[in-house]
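Presented below is the structure to which this report refers.
Here, each number is a calculation from the coordinates, and none is a lab measurement. Remember, it's a predicted structure, so these values are computed and weren't measured experimentally. Here the Cβ positions follow ideal geometry from the backbone for every residue, glycine too, while neighbour counts run over all protein chains shown.
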Amino acid sequence: MAEMLDVARGGAPRMSLMRGANLSLRQLNTFLDLLIENGMLQEGEGEGDTPKAISGYEAKSLQKQYQPTGKFYTTQKGLSFLEKFKAIKELFVLNAGTDATIEIANQNYPF
């Protein structure tokens, strides 16, 4: 999923996401749903370009003007997740080859 978020930073269509993250179509659809539901990925013109929740005639007018591009964009929440994921990944790379342990809930786990 991190690969999908990375590919979608500047906007990417489905096929680019699928190829960039080396996923099958079934995996792609599953992960797209999960990332969109959790607010890490969105489809459309890019973050902030979707119409706001406005009541009345103005909302209908804005919704008609908004045309999704078929591209997916990483949201701010997705970018934040990606930064944290990469930091954690670097910790594992730095500790590779050493006799390191991870302490989780007062339990030590060697890796």
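Assorted remarks:
- R0 of 22 Å, Cβ-Cβ distance Lys84-Leu34: FRET efficiency to nearest 0.05: 0.80
- Label positions at Phe92 and Glu3, each projected 7 Å from the Cα along the C-beta direction, are separated by 1.4 nm.
- For the peptides 70-77, 29-36, the ranking by mean Cβ contacts within 10 Å, running from highest to lowest, is 70-77, 29-36.
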